[in-house]
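In what follows, a structure is listed as structure tokens, so that the remarks can point back to it.
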């Protein structure tokens, strides 16, 4: 039976981890994810979990330790943000290429510089091509739920890849919300015991982890890795369907909000989706057929499915909370525009950069985006397709 509680996003993630009771948790603190290992270390001290909690000297070491533990057959995870993720860069690729289902609870924070401790998606989006599954949360409830589902996705026999569970720094990580928690037994039964097929401590089947790959095999290994990421899309839906039976909360690859007859839509990711939904409701009251798509699974990217959801709109704005520095398009913009091109879509499409370094995103800002789409449709003039929202030029 579900129980109601008031928790911050970091507390919610820590509670999910307590219920999962992983085998190994190496950690090194960095704002705003520090609270996750902090809360969890108290669970260890109080005997509420039997996890091996390891304090290491850096984020590079925390991911290295998680990789080593996972290679040995232990269910492992760590937590980080921003520069901590950047310090793990080499290890991110190793975890993915060695097909190790490590979980990383990432609290999104701007990468330096200039130094900033607030939210944007430059850290996770910078790692988008490292081969990890990436799942994003709009609110604290989703941060909790995504953690509960994470290992079921990552450890699936058709996937076997690391998974990054992302939430927005301070906006969700430190804000307190009412959420519904599953009972401990429900989480334990849902996640299940970890039973790896191959691992270093299996004396009956000696193996190597991370061996040198000669030219004759490297491409095949990468192709298999790519196939596993492709498989994660169907597995994510399968796990979400089973989770709905336990929790009553349904998740897809993305969420459609008032899209049934929308003429104008935005595609967005993370906590700003809540603000955007308020803008949609307000615009609907004023007669504009506005809609929204909130991306939940960014890797693998559900491009074909999103293009199908956008097939009837007249114009779409794609929102990126990071800058790609290619003077052309952001990460989300690249994915969506590519999907629309392949689908031979006829709608207008523009891309916005917004909310960098924690810049406030208000309902009126989102209204500006929809009004811009309305102007484009009425005039037929697109103008600049790569724009900034809420910046002093």
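Centre-to-centre separation between the Cα atoms of region 373-393 and those of region 32-57: 47 Å. The relative contact order of the chain comes to 16 percent, based on Cα pairs under 8 Å that sit 6 or more residues apart. The smallest convex shape that holds all Cα atoms of region 5-112, its convex hull, gives 92 Å³ per residue. I need to check one value: relative contact order of region 93-146, counting alpha carbon pairs closer than 8 Å and at least 6 residues apart, in percent. 27 percent. Mind jotting down the distance between the C-alpha centroids of region 304-360 and region 100-123, whole Å? Each part's Cα centre sits 21 Å from the other's. Judged by the ratio a/c of the largest to the smallest principal axis of the C-alpha gyration tensor, region 192-265 counts as oblate, that ratio being 1.5 or greater while a/b is no larger than b/c. Under the criterion of Cα pairs below 8 Å and six or more residues apart, the relative contact order for region 346-393 equals 64 percent. Entry note, the chain: the mean residue ellipticity at 222 nm calculated from DSSP H runs of n ≥ 4, each adding -39500 (n - 2.57), is -13000 deg cm²/dmol after division by the residues and rounding to the nearest 500. Among beta bridges identified by DSSP and lying wholly in the chain, the antiparallel ones come to about 25 percent. The packing ranking, built from the mean of other Cβ atoms within 10 Å per residue, places the peptides 230-241, 125-136, 70-81, 161-172 in the order 161-172, 70-81, 125-136, 230-241, highest first. Protection proxy ranking for 317-323, 356-362, using the average of other Cβ atoms within 10 Å per residue and placing the highest first: 317-323, 356-362.
Region 164-185 and region 77-97 have Cα centres spaced 21 Å apart.
Counting every Cα pair in region 173-296, what percent are over 24 Å apart? When every Cα pair of region 173-296 is considered, 58 percent fall beyond 24 Å.
Quick note: the coordinates plus some simple rules give every number you see, no bench work behind them. Remember, predicted model here, so these are calculated numbers, not experimental data. Because the Cβ atoms are built from the backbone with ideal geometry, glycine has one as well, and the counts that use them run over all protein chains shown.
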